[in-house]
Amino acid sequence: MKKKEYKIGAYFILICVGVLMIYPLVWLFFATFKSNQELFGSLSLFPKEFLTDGISKGWKGSGQFTYTRFYLNTFIMVIPTVLFTVVSTGIVSYGFARFRFPGKKILFLLMLSTLMLPDSVIIIPRYVLFNKLGWVDTYLPFWMPGLLACYPFFIFMQVQFLRGIPKELDESACVDGCNPFTTYVKILFPLMKPAIFSVTIFQFLWRWNDYFNNLIYISSVKNYTLSLALKMSIDGTGAVTQWNQVLSMSFLSMIPPTLLYFFAQKYFVEGITAGGVKG
């Protein structure tokens, strides 16, 4: 009897926490149909009068570019960054997990030490470097760090995952005539699917929702991503901000990362749990 009551209590707490977590999203959805007066003058969740022009008018944006351009810019910036990150960090983690070379431990410790550096510390030297290279107001400041494996968290996570894969698989592949590169591509890479999905989801979410770095490196409106476009919609041109339009665009911007997570959540959970265990 006590066990049953415990389960009921646990389910009740989980339901309450779930409602608290999902309520802001529900409020955001219904807020897209409210007028400014109702948004700031009523506590009701449901609108008294549904305004259905939030998406159509909000999509036009506040300037010469529509949100079609901003969505394309965001995908152009995010997708190559994710692909470069998956490939580069996977190769680096394979080297740390499977090979012995001079200074390996020192390099690994140096790599991990960069995890302690916040973005606010390295943003100025990065900006100076990228500005001298002529990369400012392009997407190269996002693509190149991914291409050069400048994400130690992902390297560490995949190293831990690879340590859980028996080395006998590498030895068997070597006996069958595979070189190290072929072993990684044909044997280990398919087995690393959970870790790769975890890297993909993390990097996609971080880059999709990033505002600070976008604000620093992108200056032209034609290159704006969604986060910058939403901020520009709030700033406006002196006119009254139509919040249902801004909230409509905010709600739509949540759909791609949400869909990605739901499609890949099985591998994501497996990759996170396996990546935290040293084999």
| field | Local net charge near GLY41, Cβ-Cβ under 11 Å (Lys/Arg +1, Asp/Glu -1) | value | +1
| field | Greater than 18 Å apart at Cα, pairs in LYS186/LYS266; LYS132/LYS222; LYS60/LYS222 | value | LYS186/LYS266; LYS132/LYS222
| request: Work out the length of the dipole vector of region 32-275 about its Cα centre, built from +1 on the beta-carbon of each Lys and Arg and -1 on the beta-carbon of each Asp and Glu, and round it to the nearest 20 debye. | output: 300 debye
| note | In a Gaussian network model of the chain with springs linking alpha carbons closer than 10 Å, the residue among GLY54, GLY177, GLY164 that fluctuates most is GLY177
| Crossing angle, helix 2-31 versus the chain [Cα axis fit, 0-90 degrees, rounded to tens] | 60 degrees
| query | For region 8-86 and region 117-189, what is the separation of their Cα centres, given in Å? | reply | 33 Å
| Dipole-positive endmost among GLN242, PHE154, PHE40 within the chain (Cβ charges, Cα centre) | PHE154
| note | In deg cm²/dmol, rounded to the nearest 500, the helical mean residue ellipticity at 222 nm of the chain, built from -39500 (n - 2.57) for every DSSP H run of length 4 or more, is -22500 deg cm²/dmol
| On a 0 to 90 degree scale, rounded to 10, what angle separates helix 193-209 from the longest Cα axis of the chain? | 40 degrees
| What ³J(HN,Hα) values, in whole Hz, does the Karplus curve 6.51 cos²θ - 1.76 cosθ + 1.60 give for region 124-139 when θ = phi - 60°, with x put for Gly and Pro? | 5, x, 5, 5, 4, 5, 5, 5, 5, 7, x, 9, 5, 6, 10, 9
| said: For the chain, take the longest principal axis of its alpha carbons; what is the angle in degrees between that and the long axis of helix 104-113, to the nearest 10 within 0 to 90? | reply: 10 degrees
| task | Evaluate the relative contact order of region 32-275 (contact order divided by residue number), counting alpha-carbon pairs under 8 angstrom at least 6 apart; express in whole percent. | result | 34 percent
| request: Report the net charge of residues surrounding ASP119, where surrounding means a beta-carbon distance below 10 angstrom and charges are Lys +1, Arg +1, Asp -1, Glu -1. | output: 0
| query | Most mobile of ALA31, ALA229, ALA173 per a Gaussian network model of the chain (Cα springs, under 10 Å)? | reply | ALA173
| query | Peptides 217-228, 132-143: what's the order by average Cβ count within 10 Å, highest mean first? | reply | 217-228, 132-143
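Where a number appears in this text, it was derived from the coordinates with a stated rule and is not lab data. Just so it is clear, the structure is predicted and the values come from calculations on it, not from any experiment. We place every Cβ from the backbone using ideal geometry, glycine too, and count neighbours over all the protein chains shown.
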